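Here's the structure we're looking at; comments come further down.
The values are calculated or read from the model by the stated rules, or taken from the named source; none is laboratory data. Bear in mind the structure is a predicted one, so any value in this text is a computation, not a measurement. All Cβ positions, even for glycine, are placed from backbone atoms using ideal geometry, and neighbour counts span all protein chains on display.
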Amino acid sequence: MADAKLYVIPGSHPCRTGMLLLEHKGIAYRRVELIPGLHSVAVKVLGFPAEARRTHQMGEGEHKRIARADRLGTVPALRYDGERVQTCRAIARFLEDVQPDPPLFPADPERRETVEAAELWGDEVLQMRARRLVLAAAVRDDGTMRDDGETGRLGRLLFKSRRVRKRAVPMIGRHIWEADERAEREMLAELPALLDRVDAWIEDGVLDGEQLYAADYMIVSSLALLTYRTDVEPRIASRPAGALVDRVLPA
């Protein structure tokens, strides 16, 4: 049996994707939780290679502080029999090589291309929107964030202590991820179109088919994070996207 260890931070939606990928393959692994904010340094110390090409896009520009942290290292980070792999998309392809069944991608090349396009969109677009929308709710602290992120489909968000979370998460949202009121208004305005895109992929059988693939796991974790917002959760629940969340990450 392979020695598999997945490094994560609590409540992280990309980290939950990494967990779902391993569980899809039926690979037993040990989950190691790192301290949010220090995780980039931690994975570097643990011997993971720098991810020079991994950057987060916010709006039209790149946030330089986040880009520097990403170049140190990022999570999820998988150590598998001595090999080290970071990011959900890299982990999915690595697992497909070491254990082809059950597959994370369709065998048909055209179908695989479509699934990979949805996976890429989930990684580069939806993941960031979900993160910043939930952080914006924490910044405003008006009850929009359900139970202060204490409970939900991904578990506690970032910190186990409610007191630490109440103080630290708004600071992270405000000063690192720029989750201010203007950005929140813009993202809420574009959210219906994002959910429409997920629903269209479900209707076309790209997502939520008989066989789940890497794109399902990439997208569903961001949808699950969005359900922490009391004003957004009903919008998702009434859509086909909500059925996907219930299937993969039931409440």
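What the table below lists for this structure:
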read-out	value
Any hit, segment 167-177, residues being within 19 Å of A90 (Cα to Cα), buried (at least 22 other Cβ atoms within 10 Å of the Cβ) and small (G, A, S)	no
Residue within segment 177-186 that is part of a helix (DSSP H, G or I), in the same structural domain as L244 (by TED's automatic domain parsing), within 19 Å of the chain's Cα centre (by Cα) and more than 22 Å from V248 (Cβ to Cβ) present	yes
Verdict on R185 being on the phi < 0 side of the Ramachandran plot, modelled with pLDDT under 95 and surrounded by fewer than 19 Cβ atoms within 10 Å (Cβ to Cβ)	no
Residue match in segment 219-235 (condition: more than 19 Å from D147 (Cβ to Cβ), buried (at least 20 other Cβ atoms within 10 Å of the Cβ) and hydrophobic (A, V, I, L, M, F, W, C))	yes
Some residue of segment 141-160 being more than 26 Å from V125 (Cβ to Cβ) and part of a helix (DSSP H, G or I)	yes
Search result, residues across segment 120-153 that are farther than 23 Å from P250 by Cβ and free of Cβ contacts under 8 Å to residues at least 60 places away in the same chain	L120, L135, A136, A138, V139, R140, D141, D142
Whichever residue in segment 16-25 is of a type outside the set (K, R) and surrounded by 24 or more Cβ atoms within 10 Å (Cβ to Cβ) and, among such residues, is nearest to A224 (Cα to Cα)	T17
Residue under evaluation E119, criteria (1) buried (at least 17 other Cβ atoms within 10 Å of the Cβ); (2) within 23 Å of P234 (Cα to Cα), criterion not met	(2)
